Amino acid sequence: MHITTKALVLRTVDYKESDKILTLFTQDQGKLTASARGCRKKGSAIAAGCQLLAWSEMVLYDYQGRWSVKEAAVERLFQGVRDDIERLALGCYFAEAAELLAVEGLPSRSLLSLTLNSLHTLDTMQEKPLPLVKAAFEWRAMALAGYEPLIDGCAVCGANPPENPRFHLREGVLHCAKCRGEVGEGISMPLSIPALAALDHILHGDPKRLFSFRLEGEPMKQLADAAEAYLHTQLERGFSTLDYYKSLTLS
Ligand SMILES: [Zn+2]
């Protein structure tokens with residue numbers, strides 16, 4: 001049996017002398033693992049499409065329950081991401097997060113389009129600040145994966161907007177600073193009114209206009225810090241790609 005599907009390469013591991021094992025995010029089958037035989041040999045026709053972050057039309061064969069890449073016609077390599085180490089590190093973090101949030105064998109077109117849209121933005125929109133792209137990806141990815149934060153008012157007293165709004169990482173809700181005691185244990189982070197307006201745009205706006213907002217200074221920092229902390233709190237793990245991205249941006 002074979003299928004033809006578009007696929008984004010989320011992860012590659014070298015295998016044997018000239019093969020790779022790929023984690024693919026496919027349009028039709030969701031996440032799956034496939035071997036790419038001979039793709040590291042000189043002149044391999046599938047080499048380009050089997051690189052990390054390549055988006056291709058692939059023909060995959062299923063042999064005894066294992067997928068193998070027969071053809072890969074590249075549609076996007078996101079060259080602007082590959083040419084810049086910070087953008088590449090951030091793109092790899094998006095891929096690692098998407099790999100964790102996608103479900104094996106279950107199509108998730110909205111998460112796939114978010115990942116592609118984010119790579120496209122890194123690739124072509126040099127003027128977009130990277131912290132903005134990163135925060136929008138993180139919040140939206142969490143919402144699509146079933147961790148949508150509730151941001152319509154204080155979860156305790158209902159005030160909308162909450163007074164001195166804070167976001168509770170474990171509960172995924174907003175609350176007023178004075179209602180802190182009623183929300184439960186765990187960390188809350190400040191999200192000012194401008195940061196909340198941006199978050200509302202990210203969660204409830206047109207996905208095609210996801211990155212079409214401006215936010216600067218302290219509100220941008222709040223939006224970015226809470227996005228990362230929320231993702232880490234809910235998923236209970238860190239990301240080696242993110243550690244690498246941060247090592248670049250801090251130096
Ligand atoms: Zn309240």
Tally time: how many residues in the range 72-104 are open to solvent by 50 Å² or more (accessible area, probe 1.4 Å) and touching a Gly at 6+ places or on another chain (Cβ under 8 Å)?
4
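For the condition in contact (Cβ under 8 Å) with a residue 24 or more places away in the chain, under 26 Å from the mean Cα position of the chain (by Cα) and within 16 Å of the ligand (Cβ to nearest atom), what is the one hit in Ser192, Ser188? Steps first, answer last, please.
Details: Ser188 fails: in contact (Cβ under 8 Å) with a residue 24 or more places away in the chain.
The conditions single out Ser192.
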Kindly provide the set of residues from the range 202-251 that are surrounded by fewer than 12 Cβ atoms within 10 Å (Cβ to Cβ) and either among the basic types (Lys, Arg) or at positive phi (or both), ordered by number.
Lys208, Arg209, Arg214, Gly217, Glu236, Arg237
Tabulated pairs, the range 151-172, first open to solvent by 60 Å² or more (accessible area, probe 1.4 Å) and among the polar types (S, T, N, Q), second within 13 Å of the ligand (Cβ to nearest atom) and not in a strand (DSSP E or B), C-beta under 8 angstrom, 6+ apart or interchain:
Asn160/Asp152; Asn160/Gly153; Asn160/Cys154; Asn164/Cys176; Asn164/Ala177; Asn164/Lys178
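The values are calculated or read from the model by the stated rules, or taken from the named source; none is laboratory data. All values derive from a computational prediction rather than experimental measurement. A quick note on method: Cβ atoms are made from the backbone with ideal geometry, for glycine too, and the neighbour counts reach across all protein chains shown. Keep in mind that these areas ignore ligands, DNA and RNA; they rest on the heavy atoms of the full protein, side chains included. Shrake-Rupley method; radii C 1.70, N 1.55, O 1.52, S 1.80 Å.
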